[in-house]
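Chemist: Below is the structure I would like to discuss, written out as structure tokens.
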Amino acid sequence: MPSTAERVVVVADDLTGAVDFCVHALSAPEDVVIVVPWGEPAEERWSQAWQRGPKTLGIDTGSRHLDAAASRARMLRVGEWLTGREPVRLIKKIDSLFRGNPGEEIAALISDRPLVLAPALPEQDRLTREGVQYAHGIPVHESEAANDPHSPPSTSDVTKLVPPSHSVTLFDLDAVRADGLGVRVSIESSSQSALVFDAETREDLARIDRATRILPRAVVVASSGLAHSWSPQVQQVTFPASTPVIVASTSRRIEVSKQLAYLLAARPAKHVRVQPWSAARVELPQGAGSAPTLCVVDADPGTVLAEDAGQRRADSQWLNSAIAERVDIERAAALPDAVVVVIGGDLAATFCERHRVTSLYLSGPAASGAVVCRALAGDHIVVDRLVLRSGGFGDAFALHALLDVDASHTAIPVTDQEEP
């Protein structure tokens, strides 16, 4: 078991965010990285995972869509549980678009600790300039994220995430890229300091990471961009095209719709559209001989979510539950080498709740931001190869890369072809 001084705890407000961050801690096949989905009794789940000696422990608080008071309450529980278990590094993973309640959660977690904020995610063109967070050149609270029906960002100003108890020092790009960054960080840091860093590239984040690792007891607030700057990971996981696969999604993003359409055009498949009146469970089809097997489960395009915010949230929860319940996990588990792919953070959380998953052992990264893990309920394996991925990542052929499908043989849907 690694010593406490070698261990890291990552606290995230959603499951796929925790998984996406923590997978970058895998640097050797023998590394143990565990993510605990939100569920009660939470402290018991965290303690059981901690006792297994992971190099990195990810805690999902499931608080992205909660109100500020409820988010703060969950974060206080994490802080209390951490007492006496202090890792060498505590990381508060936040959404790079500032959705949820990042300010309230940071204030509840840090106490009298120094604070480091580096929220950029260059791979998605989400950059920090002069202390302001941008998405594709637009302040995040004015970007597409402002239309999020559940938890839109309320600010783009990184300093607004800092509690009043802490004084702010801004490191602009010139400071981040200058020699002696570590020395200046040491000088500026104190128990009541908040160091805010601009960043536009992975190398910027790598410099920030190196410079701030020396700070004792600091809480690092970052998006997955910081983890992406870490050393090369274990080899990316792919699956042969003949692998039996269930792909489940409730994402309504156009990128995901295209990925599913292109995948369905590439190999024989069973396509199940969940409708309000449908109650049948979805079984993974078996191919003949070496024929590939694929089942895609998503929402019927006629499903319309309500305009009212409260009802819209209820509709979304129903949709996530309907799809999670209809995936026949027992059938998938009985097939050798079967893979279950779950797209979207809310669906991933619902999937783990419905199938009583208490811990995820991360195996490695897969294509387009996906992560491969083993899902357990206690000591029982629920799914040996579960793939989780946030919605909206990758181009139209992202799922082809994951499932080792030759995109050159895909018949592109007519609606996606360019006009002559």
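Chemist: Please determine whether any residue of the stretch 282-293 is outside the structural domain of H24 (by TED's automatic domain parsing), over 16 Å from A322 (Cβ atoms), modelled with pLDDT of 70 or more and not charged (D, E, K, R).
Modeler: Yes.
Chemist: Is it true that V297 is under 14 Å from V341 (Cβ atoms), at pLDDT 50 or above and among the hydrophobic types (A, V, I, L, M, F, W, C)?
Modeler: Yes.
Chemist: Filter the stretch 348-369 for residues that are at pLDDT below 90 and among the hydrophobic types (A, V, I, L, M, F, W, C) and give the result.
Modeler: A366, A367 - these are the residues of the stretch 348-369 that are at pLDDT below 90 and among the hydrophobic types (A, V, I, L, M, F, W, C).
Chemist: Looking at the stretch 123-131, is at least one residue under 24 Å from the mean Cα position of the chain (by Cα), surrounded by 18 or more Cβ atoms within 10 Å (Cβ to Cβ), hydroxyl-bearing (S, T, Y) and modelled with pLDDT of 95 or more?
Modeler: yes
Chemist: Any idea how many residues of the stretch 43-88 are small (G, A, S), over 20 Å from the mean Cα position of the chain (by Cα) and more than 14 Å from Y361 (Cβ to Cβ)?
Modeler: The total comes to 7.
Chemist: Also, quick follow-up: Can you name every residue in the stretch 28-42 that is under 20 Å from the mean Cα position of the chain (by Cα), surrounded by fewer than 20 Cβ atoms within 10 Å (Cβ to Cβ) and within 19 Å of S363 (Cα to Cα)?
Modeler: Selection gives D31, V32.
Chemist: Across the stretch 400-420, what is the total count of residues that are part of a helix (DSSP H, G or I) and either surrounded by fewer than 21 Cβ atoms within 10 Å (Cβ to Cβ) or at pLDDT 85 or above (or both)?
Modeler: Here the count works out to 7.
Chemist: Another question, if that's okay. As an exercise: evaluate Q235 against (1) outside the structural domain of T293 (by TED's automatic domain parsing); (2) under 23 Å from the mean Cα position of the chain (by Cα); (3) modelled with pLDDT of 85 or more and give the number of the one condition it does not meet.
Modeler: Among (1) outside the structural domain of T293 (by TED's automatic domain parsing); (2) under 23 Å from the mean Cα position of the chain (by Cα); (3) modelled with pLDDT of 85 or more, the lone unmet condition for Q235 is (3).
Chemist: Among D20, D31, which is the only one that is touching a helix residue (DSSP H, G or I) at 6+ places or on another chain (Cβ under 9 Å), more than 19 Å from L82 (Cα to Cα) and not in a helix (DSSP H, G or I)?
Modeler: Details: D20 fails: not in a helix (DSSP H, G or I).
Testing whether each residue is touching a helix residue (DSSP H, G or I) at 6+ places or on another chain (Cβ under 9 Å), more than 19 Å from L82 (Cα to Cα) and not in a helix (DSSP H, G or I) leaves just D31.
The values are calculated or read from the model by the stated rules, or taken from the named source; none is laboratory data. Computed from a prediction, not measured in an experiment: that's the story for all the values here. Here the Cβ is made from the backbone with ideal geometry for all residues, glycine too, and neighbour counts use every protein chain on show.
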